[in-house]
Amino acid sequence: MPCEDLAVSEGGEIVQVKRLRDRSSFTEHAQLLGVEVPLAPTDRVADLLAASYQSATLSLTNRLCTLPMEGWDATADGRPTDLVRRRWSRFGSSGAALIWGGEAVAVRADGRANPRQLCIGPQTEGDLAELRTLAAGAAPGAVPHLGLQLTHSGRWSKPNGTVAPIVAYRHPLLDERVGATDADVITDTQLEDLVGDFVRAAAVAHAAGFDFVDVKHCHGYLLHELLSAVDRPGRYGGELENRVRFLDEVVAGIRRDAPGLEIAVRLSAFDLVPYRAGADGRGVPERVGDYPYAFGGDGDGRGFDLTEPHRLCKHLATLGVELVSITAGSPYYCPHAQRPAYFPPSDGYLPPHDPLVDVARLLAVTRELAGAHPSLAIVAGGLSYLQEWFPAAAAALVDAGVASVGYGRGALSYPDLAHAILDDRGLDRSRLCRTFSDCTTAPRNGLVSGCYPLDDFYKQRPERSDLTAAKRAAEGARGGRRGSRRDPR
C-alpha cells in the first residue's frame with residue numbers, strides 16, 4: 001500500500017470488527033476505508049480450509065496453523081513449566097495441521113527477550129521432546145507438522161529483566177529506546193559464533209523429534225535487523241547478498257549437522273518507521289521521509305516496496321527453504337503493522353487508523369508473495385483482528401494460493417478454533433480473541449503470559465489483579481483515552 005493511501009486512512013472514527021455483523025456491513029466498511037479484504041463464499045469456507053496441501057517435501061491435512069508467540073512462564077534457566085506444557089497441549093488439540101514453533105525459543109541465554117523465555121541447549125532436549133510429545137499426543141487426528149522457532153532477540157534482549165541490547169547496527173531512532181551504544185554492535189566474529197549456536201540448537205530440535213525449525217527473521221529481532229543493515233560494513237552488511245549471509249551459513253550448517261530437518265523462515269516482509277503515541281494517544285511516525293532501515297519499506301517509512309522481499313523469497317527457494325510465514329514490522333516499535341488491535345498494550349499507542357487497514361495491507365503482501373513464488377509454502381498471519389470474519393478471509397487466501405493460514409493470539413482464547421471451522425459447526429463468539437492485548441500487557445509487566453479476559457484458567461490466577469492495575473495506570477497515563485476493556489464478548 002503506497003504511503004499516500006495510508007495517510008488518507010490516518011485518524012477518523014474506528015469501527016470495531018465485532019460490530020460488523022453481516023457480510024455487507026463488513027464489505028461496505030472496507031470499501032469506505034479504501035481497502036480490500038476478500039472473503040470466500042460461506043458455503044466454500046470449510047471445504048477450502050479442510051483441503052490438504054501436498055508438495056514434494058510437505059504434507060498438511062488442512063490449511064490452518066497455530067503461530068508462535070513469546071512465552072513468559074518458563075523457568076529461570078529456560079526450561080518448560082506446567083504453564084508452558086498446558087499451552088503446548090492446547091496447541092496440539094487445536095485441530096490445526098501446522099504448529100509453527102509453539103513459541104519463540106532463544107538459541108542462547110543472552111538472546112532471551114525476557115528472563116522467563118524458553119532457551120534451547122543440549123540439556124533441554126528431553127524437555128523439548130516432552131513438549132513435542134504433548135502437542136502430538138493431544139492431536140485429535142493426524143499428528144500435526146510440528147516446528148520449533150529459533151531466535152535471538154538482539155536489540156530487544158532482556159535476559160535478566162533489564163535491557164541488554166545486541167544490535168546489528170546503530171539505529172538513529174531505536175538506539176535511544178534501549179540505550180544501545182557502539183559497544184553493543186555485534187561483530188562479524190561474534191556473528192560467526194552465533195551461526196554455530198543456531199546450528200547446534202537446530203540439531204537439538206532435530207534430536208527432540210521436531211519436523212522443522214524456523215530461523216526467525218521477523219519483528220525487529222537480530223536476524224530481521226540484519227536484513228536492514230544497509231550501513232553495516234563487513235561481510236554481513238551493505239548489499240542484500242551480504243545481509244542474507246547469516247541465513248546462508250545457518251542453512252548450510254543445519255544441512256551438515258541435522259540432515260533431514262526441514263528449515264523454515266518467519267519473515268517480516270516489510271517494516272515501518274518506529275511509531276510512538278502522539279498527543280491524542282494515537283500512533284504517529286517518529287520520522288517521515290528518508291528512512292532506509294525498513295526491510296521491504298518504501299524509503300519513507302510508512303509504505304512498502306517488495307523488491308527485496310521478492311529477491312529474498314527467490315533466494316529461499318534456491319536454498320531449499322519451502323515453509324515461509326509472512327508477517328511484518330515489530331511489536332516493539334510498530335505493532336499495528338503485524339498485530340492490528342483495537343485495544344493497545346499498556347506500553348503501546350492507540351491505532352493510528354482503523355486496524356482493518358493494516359490487516360488488508362498484510363494480506364495483500366501475503367497474496368502477492370504467494371502468487372509470485374509458487375514453489376514456497378506461504379503461511380499467512382495477522383488475521384486475529386478479523387474475529388468472526390477470520391474463517392472466510394482465511395479461505396479466500398487459500399483460494400488465492402496461500403498454503404496455510406495461521407492465528408496466534410486466537411489460539412490462546414479459543415484453542416479449538418480450527419475444529420469449529422473445519423467441522424463447520426459455527427463459532428463461539430464468547431471465545432473469539434477481541435485483541436484486548438492482555439497477552440502482551442501481562443508479560444511486559446513481568447506477569448505470566450496467557451489470555452486473562454477469556455480463558456477461565458487465567459481469569460482465576462492471582463496475577464489478574466496486578467494486570468488490571470497495570471492497565472488502569474496505563475490508561476491514566478494516556479489521559480483516560482480508549483484502551484480499557486468493557487465488553488468481553
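The set of residues from region 226-261 being within 18 Å of G299 (Cβ to Cβ) and outside any loop (DSSP other than H, G, I, E, B) comprises L227, L240, R243. Looking across region 346-367, the residues that are of a type in the set (D, E, K, R) and within 16 Å of V402 (Cβ to Cβ) come down to R361, R367.
Just to be sure before I move on: is T327 closer than 22 Å to W100 by Cβ and either surrounded by fewer than 22 Cβ atoms within 10 Å (Cβ to Cβ) or not small (G, A, S) (or both) in the structure I sent? Yes; evaluated as a whole, the condition is true for this residue. The set of residues from region 262-282 being farther than 18 Å from L222 by Cβ and either of a type in the set (F, W, Y) or in a loop (DSSP other than H, G, I, E, B) (or both) comprises F270, L272, V273, Y275, G278, A279, D280, G281.
Here is a yes/no grid of residues against (1) loosely packed, with under 15 Cβ neighbours inside 10 Å; (2) modelled with pLDDT of 95 or more; (3) part of a loop (DSSP other than H, G, I, E, B):
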site: Y169; (1), (2), (3): no, yes, yes
site: R177; (1), (2), (3): no, yes, no
site: A180; (1), (2), (3): no, yes, yes
site: T189; (1), (2), (3): yes, yes, no
site: D193; (1), (2), (3): yes, yes, no
site: D197; (1), (2), (3): no, yes, no
site: R200; (1), (2), (3): no, yes, no
site: A203; (1), (2), (3): no, yes, no
site: V213; (1), (2), (3): no, yes, no
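Between A104, A46, A51, A96, the distinction of being within 21 Å of the chain's Cα centre (by Cα) and farther than 19 Å from V215 by Cα belongs to A96 only. Summed over region 89-139, residues that are part of a loop (DSSP other than H, G, I, E, B), touching a His at 6+ places or on another chain (Cβ under 8 Å) and at negative phi total 4. Considering D211, D257, the condition of being farther than 21 Å from A380 by Cβ and out of contact with any Pro (no Cβ under 6 Å at 6 or more places or on another chain) is satisfied by D257 alone. Residue check: is G102 within 20 Å of V199 (Cα to Cα) and crowded, with 24+ Cβ neighbours inside 10 Å? Here the answer is yes, as G102 does meet what is asked. So is D22 farther than 30 Å from N114 by Cβ, free of Cβ contacts under 8 Å to residues at least 24 places away in the same chain and among the charged types (D, E, K, R) or not? In short, yes. Residues in region 410-447 that are assigned to a loop (DSSP other than H, G, I, E, B), surrounded by fewer than 23 Cβ atoms within 10 Å (Cβ to Cβ) and in contact (Cβ under 8 Å) with a residue 12 or more places away in the chain: D416, D423, D424, L427, D428, L432, N445, G446, L447.
Restricting attention to region 318-334, the residues that are out of contact with any helix residue (DSSP H, G or I) (no Cβ under 8 Å at 6 or more places or on another chain) and closer than 22 Å to E286 by Cα add up to 1.
The values are calculated or read from the model by the stated rules, or taken from the named source; none is laboratory data. None of the values given here were measured: they were computed from a predicted structure. Counting neighbours? That spans all protein chains shown, and the Cβs are built from the backbone with ideal geometry, glycine included.
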